[in-house]
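The values are calculated or read from the model by the stated rules, or taken from the named source; none is laboratory data. Treat the numbers as computed from the prediction; the structure is a model and nothing was measured. Here the Cβ positions follow ideal geometry from the backbone for every residue, glycine too, while neighbour counts run over all protein chains shown. Keep in mind that these areas ignore ligands, DNA and RNA; they rest on the heavy atoms of the full protein, side chains included. Shrake-Rupley method; radii C 1.70, N 1.55, O 1.52, S 1.80 Å.
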Amino acid sequence: MYPTLSTRLRRAATAAFAAALVAGTPALALAQGAAPAPAAPAVAAAATADPAAAVRAGVESWLQGRFKVDAVRRSPVPGIWEVQIGTDLIYVDEKGQHGFVEGQLIELRSNKNLTQERIDEITAVNFKDLPLAWAIKQVNGKGTRQVAVFEDPNCGHCRNLRRDLLAVPDVTIYTFTLPILAADSKTKAVQAWCAPDRLKAWNDLMLQGKVPDNKGTCDNPIEKVAELGRKLKVTGTPTLFFMNGKRLPGGVPAARLNKLIDENSKAS
């Protein structure tokens, strides 16, 4: 395990790239609403003279004065410097351009989370290849935009996401019922699929806790969905897939959901 930054430092210094973990896009500058800080002339100048000074300048520019760099020293790894901020440590290259923060590789000048960008690439899917016939379909408005979501009937975060998804305009929601959390998850998923109105049954189950009143004996794709989840390495619910193939594991703040769907529905 990498040592984690303190709550105090994490909230200030990594607030922007934490947003990138949700959005999968370049983070904003540390000051909320501000543009990323331009490259400080001091960083370039220091790089040619003293690596320690370049490292310090790069990190201080990234921190934007919120915290003090207490010490900089060489690490046991050539070219990597240890930076002490209070009782916390991060590791930075000798040019002061990139740093490891909580196990994430960050481009300090732009505040891009390069680790998350790469994860987005290797975990993406081809949305057109998803077997949407195995999903429960809901169309909001014209349904121009599309998302696919894997949900377990006993998943609390799934319930929150579903409530928020139902309020999003102009989107088609494909729900794959993935029973992985509890012994009765599969039974509930099958019962929802076997209901006369499976969309209503699923929404009632997720939002009201109303279990469908049937024996769940119809033909259903639940086992196929479970295999699909394993194939796509969906290890938790909810997991959301956007039209561009990017995945978003876990929940997302309601205020950001519509924007994320819009951003990830546009052609690259």
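So if each residue of separation counts as 0.36 nm, and I subtract the Cα-Cα distance between residue 166 and residue 223, what length gain in nm does that give?
Values: separation 57, 0.36 × 57 = 20.52 nm, distance 2.59 nm.
In short, 17.9 nm is gained.
For region 181-268, rounded, prolate or oblate, judged on the Cα gyration tensor with a ≥ b ≥ c (square roots of eigenvalues), a/c < 1.5 rounded, else prolate if a/b > b/c? Prolate shape, in that a/c is at least 1.5 and a/b is the bigger ratio.
Given a 1.4 angstrom probe, what's the average accessible area per residue across region 142-247, in square angstrom?
For region 142-247, the solvent-accessible area averages 47 Å² per residue.
State the percentage of accessible surface on region 189-268 attributable to carbon and sulfur atoms; use a 1.4 Å probe and exclude ligands, DNA and RNA.
Details: 2190 of 4370 Å².
C and S fraction of accessible area: 50 percent.
Our coupling estimate for region 152-166, obtained by passing each phi through the Karplus curve with A = 6.51, B = -1.76, C = 1.60 and θ = phi - 60°, is 10, x, 9, 9, x, 5, 5, 4, 5, 5, 4, 4, 6, 4, 5 Hz, Gly and Pro reported as x.
Accessible area of region 48-127 with a 1.4 Å probe: how many percent of it is carbon plus sulfur? Walk me through the intermediate numbers first.
On the way: 2110 of 4180 Å².
It is 50 percent, rounded to a whole number.
Want the number for residue 110 to residue 254: 0.36 nm per residue separation, take away the alpha-carbon distance, what's left?
49.2 nm
Descending by average beta-carbon neighbour count within 10 Å, the peptides 79-91, 208-220 line up as 79-91, 208-220, the highest first.
Run the numbers for residue 66 and residue 133: contour at 0.36 nm per residue of separation, minus the present Cα-Cα distance, in nm. Can you show the working numbers first?
Working: separation 67, 0.36 × 67 = 24.12 nm, distance 5.14 nm.
Full extension from residue 66 to residue 133 adds 19.0 nm.
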